Structure formats: structure tokens, C-alpha cells
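Presented below is the structure to which this report refers.
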Amino acid sequence: MDLTLHVWRQSGPKDKGQLETYPAKGVSPDMSFLEMLDEVNEGLIKSGKQPIVFDHDCREGICGMCSQVINGRPHGGQERTTVCQLHMRSFNDGDEIFIEPWRARAFPIVKDLIVDRSALESIMQAGGYTSCHTGGVPDGNAHPIGKPVADYAMDAAECIGCGACVAGCPNSSAMLFTSAKVAQLAVLPQGKIEAKARVKNMTDSLQEQGFGNCTNHLECEASCPKGISVKFIAKLNREYMKTIGC
Amino acid sequence: MHLTQSTVGRKILMAVTGLLLVGFITMHLLGNLSVFAGPDGINAYAEHLKSLGPLVWVFRLIMLALFAVHVTFGIKLSMENRAATPVNYSIKKRMKTTFSSESMLYTGLIILAFLIYHLLHFTVQITNPEISAAKLPLDAAMRPDVFSMVVLSFQKVFIALVYIVGMIALFLHLTHGLSSFVQTFGWNNGPSHDKVTLGGKLVAVVFLLAYVAIPVLILARFVNI
Amino acid sequence: MILDGKTPTGPIEKSWDKHRFDMKLVNPSNKRKFKILVVGTGLAGGAAAASLGELGYNVEAFCYQDSARRAHSIAAQGGINAAKNYPNDGDSIYRLFYDTIKGGDFRAREADVWRLSQVSNNIIDQCVAQGVPFARDYAGYLDNRSFGGAQVSRTFYARGQTGQQLLLGAYSALSRQVKAGTVKLNERTEMLDLVVVDGVAKGITCRNMVTGEINSYWGDAVVLATGGYVNVFYLSTNAMGCSVTAAWKAAKKGAFMANPCYTQIHPTCIPQTGDHQSKLTLMSESLRNDGRCWVPKKKEDCDKAPGDVPEEDRDYYLERKYPSFGNLAPRDIASRAAKEQCDDERGVGPGKRGVYLDYASAIERVGEHTIKERYGNLFEMYEKITDENAYKRPMRIYPAPHYAMGGLWVDYNLMSNVPGLFVLGEANFSVHGANRLGASALMQGLADGYFVIPYTIAAYLATVTPGTVTDEHPAFKESKEQVEERINTLLNIKGKKTVSELHRELGKVMWEDVGMARSEESLKHALQRIPEIRDEFWNNVNVTGSGAELNQQLENAGRLADFLEFGEILATDALHREESCGGHFRVEHQTEDGEATRDDENFAYVGAWEFKGNDKAPELHKEPLKFENIKLAVRSYK
């Protein structure tokens, strides 16, 4: 099939950037979206132009590196699918495809479709851990954890940190990202001890990094390629309430 | 204080004040519906409220404070959220965000404007003094004739429209607000949330129908002096 | 030269404890004076940087991704082994040790494997303390599953994302240290040279992948945890950015590359669909528990829909060749058998490089519901990629390069032959021998990072004075200039072929000639072709853009240039190893019915290669392997 791509090109953080149009001809429906871009890039290189740069690495939907808003939806909007797992068979011959980077003040554009997501690192560094030392910890079975609790923690822990929740959110809030870690650790005996400090520090960091506030649009849940539920934001809110007056 | 600065703390303040305001509009609605009982209904209700004296003022001050918090943080949070998204997408398709959730600031401001008008109209009574309870003769039981003021007002198309628009704004605001406070209070536990959202919408519809019934039925002359 | 692994003497059960006591320590107040550079933030590197930072060393860590959390350890699905014996099924440290040595086809060092087995239990405890949500039973205790190559249930798992959860655990520990200021993290930074001063590793030179700046970093020790090299095959299950570059730069500065020919080809991957393919996706090996592998008996049936091939015209080749193991034959056997069927022109699907993995009889036996419970997520992933419903139509699978058992040579302390250079995880050669068992890679990465390097690096640091060589030393300037010059050369070739075209060419040679079945003829062909492609690369590659910006073409070109040198060493090693063992299969060395024939008399050693330049043959150094605790035996799968 033949497609027309409208791709955001921006040479650096200070450049204004604009959408450029490229044809993508002879695209196989078996290609992944990124393989389609690879082919377009090969063509650009051959014609002496600069290839489109985009973040990608594992190409199997787990590393969280790929980050594109396709036709107005993060990762293309297919349920539980990252860009790298999106296949061209979900498009039709003659389609116009708009490809843009994540857009948020907290994610400045580095180049073309690549953004700087270090703000998410700061949130994690603010408290996304248990303060255990290497060694000197009790046996893994010392604290039994009921299966429903372990499953709940695992549901939250599936977050791949791609930032689609921020990209989709009309407020550019990273609340879903933050809540996934807060909720995971809050229900486990190992994480409970520091739960109060964690939720305060991580949400404060979210604010400091220039993300917006959560106003319950729930767009993050629909944008998330791992299907992380907004119930974890509710859990974060409950955890926060426990800190009131402390 | 952390609560007034934190992103979650302020969200909780919005939810708490919002919920209390919903409590107020519920009571207010029940009182207002007494208009359908004729002059003996609403005029007695108004007389009773007046007899509470200073308590009314305490209540009004509490409402003012709640409202001030809700409006101030509402505007502040919206401004911050706007600053957090400085560049728009060329194409953006919303998957879950609704018109009501995205227009909270605007519906909120419309409600604020409506409220000011409403207070000037029925409480201070300066927008249409000729049909205000202060100017109208007392009713048969020698009470200020609130009933006639309400009926004469809503028989004017413009005033009825203002109230209908105000109530539509309130409806949209509540459509998001009611399910939103459930989420903010942390009561969402996953699958049930769709039902909560639907429930919030239904409650908002009830408010809309009940409130709008007053100007609409009066305008349609179902209620007359 | 005969290499000395410096393994402790005495009974193996006491070897690690004794060694830990014998090693020197660094005084707590002196630790902060030592600067340690850790390259790579996967399980091994992330765990090492976090643990060393916590001990008080001054750590600087590097990764090429935009976050330490994205290293390719994250993609591991199955699980992590430990000798906890929670299921009470007879597991022990000794049994894990035995299984790993045997699984590695007797080509690993006993003492290293013993230590790995011993610390495996601490790893589980550590991860639980970090909040890793391992699968649990209803009573709240840790759950185990079975995995290939073991008769006990010792694999701990977190759904199909064990690697992700373990990495996020290590990443959280690392984040805590970054916050505490003991670790400085440099993301989007690629190591492009090792700085060696007077034969000792003293620093690295890196490219900032955003600005293009070349910077040197000094350290009292350098720790490489930079993963494996199977992207030399172009198509593999590795991430796109995985490369041999860091390890190869060290090799060019004198570190020996050990057993590079031991590469693991994983049998259950989704087949290639066309030339556009950029990587292959692995599906958990557990699929073979219920699926039956077959191809049509007749070539002309290959284009038919699988349902139209009658039962009697199907060749269930694994069941035919290995009646007792059948579809559960080990990874290397299953992979080779699939390739043989396709070479016989009986492959199926696009390009005829695929075999069927059929669930029809399993569904008939236990019902679709049970199959869905067992493999639902894998079937879903398969459908996402191929648009085929595996409940209705057999899956198509094909082997793909997956893991590198070989790597930089290290002694028992994980130090390479270059003093001050430590190598952890997949990047070193140490514990998997010629074949890695499932669920052992995660175990090794974390063992090296949490529980080995914190001790062994101290023994080295106690012998050096901190900060004696800093980046003021002329060697750093020289290294920086070399890196810059190489980048300029790449950018100025301005040829006709793109980097990925040339990488595909190299991959084709490596896969055809140095892949699953190697022969003297194929290896000699590869050794002739690789230098040709390398020449073409240096004369005809087209690298667009400049060095002073984010330039993915330049990054890829640099990595390919290293693969083009390393590939030759891999082929050389494969040619020299005149035996079949584990992942290395020489067609000349097999029994009549196609079993691998190991030659313990002549090849029970680690082959460590010293790079001497592209125009010179590399020099082989040997470290003889002694098996004092486990008797050498033939692996059989019949």
C-alpha cells in the first residue's frame, strides 16, 4: 500500500519545527510501524536527505523507548500496543498518517520525534524505591503476601515508563506513571514502611518537574500501552490522604 | 501547609468543596421546588429561613468560603495545566476525555457568573426591582411574596433563559465532577468505575431536570399567580 | 599463553566463603576516594552501580538508552533460577551447580558456577525486599515453575515479565543511590573507547549521543556490563541498540575475547516476514510444552493451508528424531532440527523459513480454555505480529539468535586480563559454558552485580592508590582524538550503501555460515566474506549528518564497524573449535544420528582470543578447564 506521512521535523530543542510530508510507497501490511519508518529513512538517505530520528530499542513492547503520537493518539491508540508493535495492516492504502512527538512542557523535544523524558527519572529518584540495602534482607518468604495483593502490585508494576500517559493527558500530568509505582509499593509489606514519605515526595517531584495536575480525565488509561488502570491514581489519592496531618 | 500546595492536596480540596457545594444545591433545590406548592409553600419557606437570623449569615459565610476555595484553586490548577501543555498537537483525538471534563473551567466560570446574577436577582433584588419581593405587596399571610417574584421573573423569557443556561452549565460541571470526586477520594477500584461515571451522569441529569423545571414550567404558564 | 582463572583451591563448597575471607578490604572511610565507572545499566550493571554506590564508592554509570530502566534485560520473559528448594522437590545448591555445568556442556569453570548457585538464593531475597512482585500462591508464599534443563521447580517469575520486574528492582536501587549522590548517571552516552594506562584500565571515552560531544572519564576501575553480541547476526531477539562495541573496544585495548563461537539460537521465535524485518520476537520456550512441531512431508504441500495437509503427510520431525524428548528437546537441538527441515525445502510461510507449532491435539486433549490460560498472552502477541489466530491455525516459528555465552575473558574475580577492567553479566564468558539454560541469565546478571563485584572489586582497589591517574593523563587526550578521528572517517566516506544494507549483508553471512550448523567450508567462506564486507563498509558506506548532533546513522555505523571486526573473531573461534558442544555445532563432529560430539581430550578449555589487528591473525590463549566435582559425561536427549 501507499501512504502519505506527515512527520514532525525539528533539528534541535531551539528550532521551531514543522510537519513535513513524505510518501511511503509499497508498504507491506506485515511491517511494523517502525519498520515502515526504517524504509522511509532508507529512501531519505539515498536521496541525500536527513533521516527521521525516533526513539526505539527493544521493538517488542517492553523497553518503553518508543514514543510517537500517531494520528493524534499516543502509540497509535490501539489497546495494549506500543508503536513498535503496531503493524501496518491496521492502516489502509492511501491513508494520511500524522506522526508527532510526545508534547508536554516537562518533555522538551531533543530532535524530530525524540523527547527528553528525564523528568520521569526525577520522579522515580524522589521515592520510587524501598530503602533496602544490598544484602542483609530477610528470606523471600519471611513476609507472606497474598496472591491478590501480589497480583495487584504486578498490575501496577507493568508500567514501562514510556510517558504515553503524559502525552495523552490534556493537562500533561504524569499522575498515572507516579501512581503505578506508589500503588505497587504501598500494598507490599516491604514498601509500606515508607509509603507516606514516598507519596508526598513523588507527587511533589511531579509538580516540580513541570507536569500538570490530574483532573481525572482518565485519558492516561486509554493512552497507556500496558493498560495501567486509573484505579492506581485512586490508590495514590488514598495514600496521600493518609499523610494529611502527619 | 502541604495540602494547599501539593498537586494531590489541592485536588482533594477541590473535591471536598465541590461535594459540599453539591450538598448545598441539593438542599437549595428541595427548597425551591416548594414553588410548585404555590405561595403557601415557598413564601413560608422563605419566611422560615429569614427567621433563623444570624444563622443565615453563618451559613452564607461558610458557603462563600467553600466557593472561594473551589473557584480559586479551580482557576489556579487550570492555569498550571495550561502551562504544562504549551504546544498543541496538530491532530489530537481524545479517547476518554469528555467535553464536560475538558470544559470544567468554562462551565465553572459560567456558573460563577450565573451565581452573581442569581444573587443580584433574588437576594439583593436589584436587577428587576419592579418585580422584587421587596416592592411587591405582601401575600395573604402577610409574608414577603417570593412566589410572585419568582413567577413574574420566569415569565420573562430573558430571565428564564439565563437560568436555563446556568443550569446546563451546572449539569455539565456535575457530569464530570460527581464521578471525579469518587476517583479523587480514592474510591475507584477499577471495573466499578464505569458504573460510577454513569451514576454521576444520572444524578447530574436529575439536578438538571429538577432545576430547569422551575423556569420552564413557569414560562410555559403551568404555574401562574 | 596459559591463562589462570585464579579459582580458589580446596573443597568447592567452601570456595566462595574462603575466597571472600582471603580477599583484601577497602577501609570504609577510603571508599569514597575511589572512582568506579560502570558501563551499562542492565541487571548486572544496574545492580553493580547501586551496590557499589551504597558501599560508599564514587560511582559513575553510563547507558546508551534515555533511561537506565530500558536496558535489554527488561525483555527477559521466563524467570530466574534459585536453589531455594521451596517446593521441597530435592533442589540444592549442589543440584543447581550440577545442572548448570551439565547444561553448559562442560565448558564452564566449576568454581564460578558454584558461586552463582550459592548466591542465587540471596538474589530472590534481595528482589523481594525491593518490592519485586514475584508470583505468589494463595497462602502468600513465592511460587515456582519448571524450566528446561532441570528436573526440579526452581524458577521464580513475575508473569511473563520477570526481566522487567528484576530490572526495575535494580533500577529503583540505582535511583535511590542517584538521589543520595553516590552514583552519577549518564544517559544517552555511548562508550567508544577504553583508556589503558601502563597496561591498566583507567577510564573510558564516550560520545554524548545528544550533543555529539566526545568526553573522557577517569576511574580507578572500569566495570563493563554491556550485554551480548548476537546482533552480529543482524536479525536477533536483542534490542536494536545492543552491540559488541564496548566489549570490542576493550578487546582492541588488549582484553581477551573468550569463546565467542558459543551463541544461543532460540527455537521459538516468530519467523521473518520479508527483507524489511528489523528484529525477531521471541516467544517463551514454555510453548513447546503443549505444541507439536511439524512440516509437510512433501515439498509441494508447503504452500497449502496447514489444515489441508492430511495427518499422514505431516512430518512431526522432533517426535520422529527424538522419540523420548520429542517436542521438548533442548534449545540447540530443536533449533537445528527446524533449520534442517527448511534447508530440505519443506519450510512453511513467507520465504519458507518456518515450521509449524501445532496446538490442535493439545486443544483437543485439554480444551481451548486451558491452553488460553497457559499461553494466552503469547497467543495474543503472536496474533498482534502475524494477524493469525493460533487457536485455529498452527503457529509458525523459526529459530533466532538470542544470547551470547561467550564474552570477554574474566578470572574468578570477574577481572579481565587487563587489570582494573571488570566484566559482568552477558558481556563476560564465565558461567554458562557452551550453552545457557533457561532462567539462568537473570540469575547471573544479578549475582555478578549484587553479590560478586562488591567483594572482588575491593580486592583489586585495595592494591591501588586512588586517583593516581586522572583525565589529565595524555592517554585520555589520545583516546579522545582517536575516537574523533574515527567518527570523522565514517562521516567522510559518503558512499552509496546505507548502514543497514551492509549490516544485513554481514548478518546473512553470519547466519548462513556461522549460524546453527557450522562446517569448515562455511566458516572459511565466512572468513573470506567478512573482510570483503568490511572493506566495502570502509569505502562505500553512507553516513548522513554530522558528528555534533543526535545522529542515529553514525551510532549504527560505529556499531556495525565493530561487528565487522568481531564477526571475524567469532568465525575464527568456530573454525578452530573442532568439536560440537552446546550452541556450537560443527557438522563434521556429530554422531551418525546427528548428535553433537564433544572432544574433551582436546577442547576442554576456554579459548580466549587476543586481537592483533585486522590484517593479522588473532592469538589464541587457553585456560584449561578442570572438572573435579562433576564427572564429564555425554549429554543425551533420546
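Read-outs: derived from the displayed coordinates by stated rules, not from any lab. Keep in mind that what you see is a predicted model, and the values were worked out from it rather than measured. Heads up, the Cβs are rebuilt from the backbone with ideal geometry, glycines too, and the neighbour counts pull from every protein chain shown.
What FRET efficiency do you get for residue C:462 and residue A:131 if R0 is 30 Å and r is their Cβ-Cβ distance, rounded to the nearest 0.05?
0.60
Which of A:235/B:11; A:14/B:92; C:299/C:339; A:25/A:46 have a Cα-Cα distance over 21 Å?
Listed pairs above 21 Å: A:14/B:92.
Fewest Cβ neighbours within 10 Å first, please rank C:107, C:346 accordingly.
Values: C:107 29, C:346 20.
The fewest-first ordering by Cβ neighbours comes to C:346, C:107.
On a C-alpha basis, how far is the centre of the range A:85-135 from the centre of the range B:44-79 in Å? Whole number, if you could?
45 Å
Determine the calculated [θ] at 222 nm for chain A from helices alone, applying -39500 (n - 2.57) to every DSSP H run no shorter than 4 residues and normalising by the residue count; nearest 500 deg cm²/dmol.
Taking each H run of at least 4 residues, the total per residue is -10500 deg cm²/dmol.
Once the Cβ-Cβ distance between residue B:16 and residue B:221 is put in as r, and R0 is 51 Å, what FRET efficiency do you end up with, to the nearest 0.05?
The value I calculate is 0.75.
Modelled label-to-label distance, residue C:361 and residue B:119, 7 Å Cα→beta-carbon offset: nm?
Placing both labels 7 Å along Cα→Cβ, they lie 8.2 nm apart.
Between residue C:13 and residue C:612, what is the label-point separation in nm under the 7 Å Cα-to-beta-carbon projection?
Distance between label points: 4.7 nm.
Once the dipole of the range A:117-243 is set up with Lys and Arg at +1 and Asp and Glu at -1 on Cβ about the Cα centre, which of A:166, A:193, A:120 lies farthest towards its positive end?
Among A:166, A:193, A:120, the one farthest towards the positive end of the dipole of the range A:117-243 is A:193.
Computed FRET efficiency, Cβ-Cβ of residue C:6 and residue C:472, R0 45 Å: what is it to the nearest 0.05? Present the calculation step by step, with values, prior to reporting the outcome.
Details: r = 33 Å, r/R0 = 0.72.
Once the sixth-power term is evaluated, E becomes 0.90.
Can you sort C:114, C:218 from fewest to most other Cβ atoms within 10 Å of each residue's own Cβ?
Numbers: C:114 26, C:218 22.
Sorted ascending by nearby Cβ count, the order is C:218, C:114.
Where in the range C:575-594 does the amide nitrogen come within less than 15 Å of the point 7 Å from the Cα of residue C:632, taken along Cα to Cβ?
C:578-582
Determine the relative contact order of chain B: mean sequence separation of Cα pairs under 8 Å and six or more apart, normalised by residue count, in whole percent.
About 24 percent, as a whole number.
With a cut-off of 17 Å, note down the residues of the range A:1-43 whose backbone N falls inside the zone around a label point 7 Å from the Cα of residue C:388 toward its beta carbon.
A:29-32
Under 10 Å, Cα contacts only: if you run a Gaussian network model on chain A, which one of A:167, A:24, A:150 comes out with the highest mean-square fluctuation?
Greatest mean-square fluctuation among the candidates belongs to A:150.
Taking the Cα centre of the protein assembly as shown as origin, work out the dipole magnitude from +1 charges on Lys and Arg Cβ and -1 charges on Asp and Glu Cβ, in debye rounded to 20.
Dipole about the Cα centre, nearest 20: 3500 debye.
Which one of B:35, C:585, A:54 is farthest out on the positive end of the charge dipole of the protein assembly as shown, using unit charges on Cβ (Lys, Arg +1; Asp, Glu -1) and the Cα centre as origin?
Value computed over the given set: B:35.
How big is the charge dipole of the range C:481-605 about its Cα centre, in debye rounded to the nearest 20, if each Lys and Arg gets +1 on its Cβ and each Asp and Glu gets -1 on its Cβ?
On the way: 14 positive and 27 negative charges, 152 e Å.
About 720 debye.
What full-extension length gain, to one decimal in nm, is calculated for residue B:161 and residue B:64 as 0.36 nm per residue of separation minus the Cα-Cα distance? List each step's numbers first, then the result.
Details: separation 97, 0.36 × 97 = 34.92 nm, distance 2.54 nm.
Stretched out fully, the residue B:161 to residue B:64 stretch lengthens by 32.4 nm.
Convex hull over the alpha-carbon atoms of the range B:37-98: what's its volume per residue in Å³? Show your work: numbers first, answer last.
Details: hull volume 9.3 nm³, N = 62.
Spelled out: Cα convex hull of the range B:37-98, divided by residues, is 149 Å³.
If we count other beta carbons within 10 Å of each Cβ, what is the order of B:63, C:415, C:405, fewest first?
With the fewest neighbours first, B:63, C:415, C:405 line up as B:63, C:415, C:405.
Can you give the calculated 222 nm mean residue ellipticity of chain C, where each DSSP H run of n ≥ 4 adds -39,500 (n - 2.57) and the sum is split over every residue, rounded to the nearest 500 deg cm²/dmol? Can you show the working numbers first?
Numbers: 18 runs with 232 residues, N = 638.
Helices in chain C give a 222 nm mean residue ellipticity of -11500 deg cm²/dmol.
Spin-label point model (7 Å from Cα, Cβ direction): what's the residue B:192 to residue C:352 distance in nm?
Simple spin-label model gives 6.1 nm for this pair.
When the Cα centres of the range B:181-207 and the range C:351-381 are compared, how far apart do they sit, in Å?
Value for the Cα centre distance between the two parts: 40 Å.
Once Rh for the range A:3-111 is found with the Kirkwood sum over Cα pairs, what is the Stokes-Einstein diffusion coefficient at 25 °C and 0.890 mPa s, in µm²/s?
Result for D is 171 µm²/s.
Can you show me the helix-derived [θ] at 222 nm for chain B, built from DSSP H runs with n ≥ 4 at -39,500 (n - 2.57) apiece and divided by the number of residues, rounded to the nearest 500.
It lands at -23500 deg cm²/dmol.
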